[in-house]
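Novice: One structure, as structure tokens, below. Some questions next.
Just so it is clear, none of the values below were taken in a lab; they were calculated from the coordinates. Given the structure is predicted, the values throughout are model-derived calculations rather than measurements. Positions of Cβ are backbone-derived with ideal geometry, glycine not excepted, and every protein chain shown enters the neighbour counts.
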Amino acid sequence: MSESTKAARLAEPPPPVPVRARFRADLVTVGVTLVVIAAATAVGVYYNRPGSGVVIYAFAPPLFAHWLPHVGPGSVFAVLLAAGVVLYGPALAARLRWRRALAAGYLASLAWIFSLAMVDGWTRGFAGRLTTPQEYLHEVPGITDIPRFLREFSSRILDFQPNSWTTHVSGHPPGATLVFVWLDRLGLRGGAWASTAVVLVAALVAVAVPATIALLGRPGAARATLPFAVLSPGAVWLGVSADGLFAGVTATGIALLALASVGFRARGGYAWPTALAAGVLVGFGIFLSYGLVLLGLVALAVALLGRQWRAAAVAVLGALAVVAVFALAGFWWFDGYHLVVERYYQGVALVRPYSYWVWADLAAVAVACGPAVVAAARRGVATAVFLPSRRTILRDPVLLIVLAALLTIVFADSSGLSKAEVERIWLPFGAWLLPATALLPAGHRRWWLAGQAVVALAVNHLLLTNW
């Protein structure tokens with residue numbers, strides 16, 4: 001064999017992995033994940049036995065829920081909706097005009113979230129979710145002066161003092177509580193209005209994530225992602241938890257950053273205000289939940305893919321403006337963060353074992369993401385690892401955004417500041433794993449969608465989730 005022939009063969013890309021081999025790898029990945037979930041359940045049940053000496057404070061481990069098989073008013077509708085999305089979702093997402101597809105996706109997501117919530121009934125599953133003594137609405141009547149609320153917020157974070165904030169209020173920056181205070185000031189008082197607002201915003205995830213992928217140059221992948229963004233098992237926790245609202249706000253902000261990049265490239269007049277709005281929403285996100293600062297990785301990925309430094313610069317200015325407004329009003333984010341870490345270890349986190357939750361949390365988030373996302377994320381990582389050029393990753397929105405989302409979860413998990421309940425808390429991170437589903441073969445997508453639906457329906461009917 002001549003030297004030139006050898007060189008030519010070495011320059012050739014490696015042969016593609018056969019479709020069947022990839023599918024087997026998908027199934028193995030899902031199988032291993034099921035083993036991890038089963039192990040987390042078994043170890044958790046073992047720890048929950050009387051006299052174990054270990055407190056995990058989760059009664060349906062690895063999820064924060066109670067074992068309570070039940071049906072409700074939303075059961076039949078949820079099953080019918082799931083069947084409709086599985087049978088017709090991929091075809092409609094591929095055929096409809098893009099804006100109509102996004103609108104249909106939003107409405108379907110809204111219906112899916114609401115129907116799952118109604119499995120638990122109107123009060124228990126929807127209107128009463130945000131009215132418990134640990135929730136934000138409990139504190140709203142006492143907040144009559146917003147400037148004073150912001151000035152004094154940090155002084156009331158720590159526990160074991162007469163005026164300590166309730167669990168959810170103390171565990172988050174003041175922006176989270178302000179959302180519900182603003183609703184109250186607008187006359188939208190009570191649990192039903194609050195839950196309605198949360199679900200309306202949470203459903204934006206199903207629009208923002210695929211829209212971002214399309215704006216960054218992968219319209220086909222965006223259409224493939226849309227049905228999975230609708231039929232996500234995470235919808236169990238999107239309705240109705242404040243974390244669903246956090247996911248919707250931040251996902252919309254990141255989508256606007258992608259739109260601003262397109263605008264600057266096309267010299268559209270909307271580019272500047274869109275970039276500013278993107279920064280304001282993402283910046284406000286870190287005042288909804290401290291952990292959402294990690295979404296800066298996803299925002300950075302979108303900025304790199306957009307290749308428009310003006311969009312990124314204006315967005316950064318918007319985010320800094322939000323930080324400045326809160327600081328001038330009397331709340332400094334870093335002070336709140338350090339105090340909330342102290343408050344975290346004043347509670348059950350002090351006794352929850354890190355050695356268990358550091359891997360059981362991953363099992364919990366796998367349930368919330370569903371088998372399709374688990375298999376697709378494996379494909380994304382494998383594709384990135386075996387690419388002949390790392391520069392390709394920087395040009396592919398699916399790969400780069402999914403890798404950024406995986407990093408956010410790794411960092412959040414290793415921090416030890418989310419021991420349990422991550423199926424809800426990490427919803428804003430898990431949303432950005434959804435684009436990986438575009439890597440699944442088109443012929444298999446209905447089966448994967450069915451798997452997503454089965455997980456969501458099983459969790460919602462076998463367990464009573466709470467937070």
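Here is a yes/no grid of residues against (1) in contact with a strand residue (DSSP E or B) (Cβ under 7 Å, 6 or more places away or on another chain); (2) of a type in the set (F, W, Y); (3) surrounded by fewer than 24 Cβ atoms within 10 Å (Cβ to Cβ); (4) in a helix (DSSP H, G or I):
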position	(1), (2), (3), (4)
L183	no, no, yes, yes
R189	no, no, yes, no
W193	no, yes, yes, yes
A208	no, no, no, yes
T225	no, no, no, yes
F228	no, yes, no, yes
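Novice: Something else: H461 is checked against (1) in a helix (DSSP H, G or I); (2) under 28 Å from L294 (Cα atoms); (3) touching a helix residue (DSSP H, G or I) at 6+ places or on another chain (Cβ under 8 Å) and fails just one. What number does that condition carry?
Specialist: Failing condition for H461: (2).
Novice: With the structure loaded, tell me whether F331 is in contact with a helix residue (DSSP H, G or I) (Cβ under 9 Å, 6 or more places away or on another chain), outside any helix (DSSP H, G or I), surrounded by 14 or more Cβ atoms within 10 Å (Cβ to Cβ) and of a type in the set (F, W, Y) or whether it fails that test. Write out each step before concluding.
Specialist: Details: in contact with a helix residue (DSSP H, G or I) (Cβ under 9 Å, 6 or more places away or on another chain): yes; outside any helix (DSSP H, G or I): yes; surrounded by 14 or more Cβ atoms within 10 Å (Cβ to Cβ): yes; of a type in the set (F, W, Y): yes.
So F331 fits the description; yes.
Novice: How about the range 388-423: which of its residues are in contact (Cβ under 8 Å) with a residue 12 or more places away in the chain and not in a helix (DSSP H, G or I)?
Specialist: Within the range 388-423, P388, D396, G416, L417, S418, K419, A420, E421 qualify.
Novice: Output the residues belonging to the range 219-275 that are more than 30 Å from A458 (Cβ to Cβ), in contact (Cβ under 8 Å) with a residue 40 or more places away in the chain and of a type in the set (F, W, Y).
Specialist: Scanning the range 219-275 gives F264, W272.
Novice: Among the residues in the range 301-317, are any in contact (Cβ under 8 Å) with a residue 60 or more places away in the chain, surrounded by fewer than 20 Cβ atoms within 10 Å (Cβ to Cβ) and touching a helix residue (DSSP H, G or I) at 6+ places or on another chain (Cβ under 9 Å)?
Specialist: Going through the range 301-317, the residues in contact (Cβ under 8 Å) with a residue 60 or more places away in the chain turn out to be 301-302, 304-306.
If we keep only those that are surrounded by fewer than 20 Cβ atoms within 10 Å (Cβ to Cβ) as well, we get 304.
Narrowing the set further to residues that are touching a helix residue (DSSP H, G or I) at 6+ places or on another chain (Cβ under 9 Å) leaves 304.
Yes; the residues of the range 301-317 include at least one that is in contact (Cβ under 8 Å) with a residue 60 or more places away in the chain, surrounded by fewer than 20 Cβ atoms within 10 Å (Cβ to Cβ) and touching a helix residue (DSSP H, G or I) at 6+ places or on another chain (Cβ under 9 Å).
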